[in-house]
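Structure first, then comments.
The values are calculated or read from the model by the stated rules, or taken from the named source; none is laboratory data. From a predicted model like this one, the values you see are computed outputs, not experimental measurements. All Cβ positions, even for glycine, are placed from backbone atoms using ideal geometry, and neighbour counts span all protein chains on display.
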Amino acid sequence: MADSPPAAAMLKTPLHSLHVELGAKMVPFAGYDMPVSYPAGIMAEHRQCREAAALFDVSHMGQVRLVGSDAAAALETLVPVDVVGLGVDKQRYALFTNDAGGILDDLMVTRRADHLFLVVNAGCKVADIAHLRATIASRCRVEPMPDHALLALQGPAAAAVVGRLAPVLSQLTFMTGAEARIAGIDCFATRSGYTGEDGFEIYIPSDEATSARVWQEIFAAGEEFGILPCGLGARNTLRLESAMALYGHEISDTINVFEANLGRYCKLDKESDFVGKSALQTIQNAGGPKRKLVGLEIVERGIARDGYPVTTLDGTVIGEVTSGSPSVTLKKNVALAYVPVEYTSLDTEVAVTIRNQPVKAKVVPTPFYKRAKK
Amino acid sequence: MAYPATYKYTKEHEWIEVDGTTGTIGITDYAQSSLGDIVFVELPKVGDKLTAHETFGSVESVKAVSDLYSPVAGSVTEINSALNDAPETINTDANGTWLVKVTLANPADLDSLLDSAAYTKYVEEETGH
């Protein structure tokens, strides 16, 4: 295992001691000591999220407010999506881009009555806040919210669970938010998530005692539905099945928006200029990117993992796996990988090098898993 | 955690049960517990020659690949191919789930392995378990 700081030097979320009490296996992630799984294990937690309800502590992520009447117009210059037109309490996925059209981070933006509420990745939050300050601090106040916790309640039973606590939340449409009182605490929540299931992300102004109370209350409400605590291990297998990008894997500053299959978030025709607009326009004018992210199903025996080479059937290296693991729901092994555009048609056969052996794989549609429409 | 007294152990968490010159090899309860759900096992072929303390295959959990280290030198006589379809039996019964059987090339290899008490102590010291 790679060297990591001793547990005492790592950052902790407000719920850290609760995870340890629950018997979680703790691992370092983005400088935090985080639960990778609880005693049930990754597979059981993953299944429970798809079939019932799962509760995640993702308080390590960054929550930031942008305050001021010019905040939306200012943020629009940093992301390729429209922000000015986002309705109150509506939420949108966005990307911080760089001049080359590469991706500095992905984030969720929610418009509130008097500010914009951003959620960014834990590993990027320091850089993101610096980026915001360096670019738009003259147009709006950039206010990090380090005292806030974040719980994600995900699964087909999530609405029923949340209905027991704050019925207003179960009325929300997807990617919309509302304030709610849980365990006597005024929280904000959005109907959103990173698992491909229905669910809610709950933002809690919080210390250890407060966030533990909210967790316990959600857990108690979820008990009859079979709620399980769920760690980063299952969080990864769930988002991978849903082909959602993970920063540092499918998206990074050397990967452009089109390569990452995120062209639908690139509004080149929006009025405002934004970082990377001309680079992305150039890529589009040239007929698109030269390589693209595809989904692979591993056809022969073997598990493709992050960083493994992707080759042609005769062994020429053409790309790399960005994320790979068993798909717990589909009972097959899947991966996301970058390959040249010539190899992106469905059913194209390639190979993944697994411990020096070529293992056959084929290009399949993504997401690998889609929840059934009700 | 249970570590049968009739087995011998490596510091890499494999066990071996010896009967004459036949050694039966598996991984310990501590190993399966650390790995979590086992989803894939890669074993050598019958006839392969194993070298003591060198890798002879791997066991994979959802998150990670873990190499298997042979406790002894020997040649593989049987492999547990049921593990292709049901690798999780290692989780439910690590002590009772064998991976490979070998004919020992050098019975003296066993002398450098840990007995059950020494292995138990080793695990406690290493890990606080």
| Residues in the stretch A:41-48: is at least one surrounded by fewer than 20 Cβ atoms within 10 Å (Cβ to Cβ) and farther than 29 Å from A:G196 by Cβ? | no
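Considering each residue of the stretch A:197-216, count those that are in a helix (DSSP H, G or I) and surrounded by 17 or more Cβ atoms within 10 Å (Cβ to Cβ), and give that number. Can you show your working first?
Within the stretch A:197-216, the first condition is being in a helix (DSSP H, G or I), and the residues that meet it are A:208-216.
Retained after the next criterion (residues that are surrounded by 17 or more Cβ atoms within 10 Å (Cβ to Cβ)): A:210-212, A:214-215.
Qualifying residue count, the stretch A:197-216: 5.
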| note | Picking from A:G68, A:G23, the residue that is within 17 Å of B:S34 (Cα to Cα), more than 21 Å from the chain's Cα centre (by Cα) and modelled with pLDDT of 95 or more would be A:G23
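Name the residue that is nearest to A:V79 (Cα to Cα), counting only residues in the stretch A:226-243 that are surrounded by fewer than 20 Cβ atoms within 10 Å (Cβ to Cβ) and away from chain B (no Cβ under 14 Å).
Filtering first and then ranking leaves A:S242.
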| said: On the basis of being polar (S, T, N, Q) and either touching a residue at least 12 places away in the same chain (Cβ under 8 Å) or within 14 Å of chain B (Cβ to nearest Cβ) (or both), does A:S323 make the cut? | reply: yes
| message | Test of understanding: among A:Q154, A:Q171, which residue is without any contact (Cβ under 8 Å) to a residue 12 or more places away in the chain and assigned by TED's automatic domain parsing to the domain that holds A:R213? | response | A:Q171
| Any residue at all in the stretch B:40-54 that is surrounded by fewer than 20 Cβ atoms within 10 Å (Cβ to Cβ), within 22 Å of A:T237 (Cα to Cα) and more than 12 Å from the chain's Cα centre (by Cα)? | yes
| task | List the number of the failed condition for A:V162; all other conditions in (1) farther than 18 Å from A:G68 by Cα; (2) assigned to a strand (DSSP E or B); (3) not polar (S, T, N, Q) hold. | result | (2)
| Of all residues in the stretch B:65-116, which are within 14 Å of another protein chain (Cβ to nearest Cβ), in a loop (DSSP other than H, G, I, E, B) and without any contact (Cβ under 8 Å) to a residue 40 or more places away in the chain? | B:D85, B:A86
| Filter the stretch A:331-347 for residues that are more than 13 Å from chain B (Cβ to nearest Cβ) and free of Cβ contacts under 8 Å to residues at least 24 places away in the same chain; which is farthest from A:N236 (Cα to Cα)? | A:E342
| query | A:V328 fails exactly one of the following numbered conditions: (1) within 14 Å of another protein chain (Cβ to nearest Cβ); (2) within 23 Å of the chain's Cα centre (by Cα); (3) within 18 Å of A:E250 (Cα to Cα); (4) not aromatic (F, W, Y). What is the number of that condition? | reply | (3)
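From the list A:G307, A:G302, A:G263, A:G295, which one is buried (at least 17 other Cβ atoms within 10 Å of the Cβ), closer than 30 Å to B:E60 by Cα and under 22 Å from the mean Cα position of the chain (by Cα)?
A:G295
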| message | Just to check your reading of the model, which residue among B:G47, B:G20, B:G26 is of a type outside the set (F, W, Y), within 22 Å of B:V123 (Cβ to Cβ) and either without any contact (Cβ under 8 Å) to a residue 24 or more places away in the chain or more than 10 Å from every other protein chain (Cβ to nearest Cβ) (or both)? | response | B:G26
| query | Name the residues in the stretch A:283-320 that are over 11 Å from A:A335 (Cβ atoms) and either within 14 Å of another protein chain (Cβ to nearest Cβ) or hydroxyl-bearing (S, T, Y) (or both), would you? | reply | A:E300, A:R301, A:T311, A:T312, A:T316
| said: assigned to a helix (DSSP H, G or I), within 19 Å of the chain's Cα centre (by Cα) and at negative phi: which single residue out of A:G222, A:G177, A:G233 fits that description? | reply: A:G233
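Taking only the stretch A:104-144 into account, find how many residues are of a type in the set (K, R) and either part of a loop (DSSP other than H, G, I, E, B) or free of Cβ contacts under 8 Å to residues at least 24 places away in the same chain (or both).
Total meeting the criteria: 3.
Residue-wise test of (1) more than 14 Å from chain B (Cβ to nearest Cβ); (2) surrounded by 18 or more Cβ atoms within 10 Å (Cβ to Cβ); (3) more than 30 Å from A:A209 (Cα to Cα); (4) touching a Pro at 6+ places or on another chain (Cβ under 9 Å).
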site	(1), (2), (3), (4)
A:P39	no, no, no, no
A:A53	yes, yes, no, yes
A:D70	yes, no, yes, no
A:V83	yes, yes, yes, no
A:F96	yes, yes, yes, no
A:D99	yes, no, yes, no
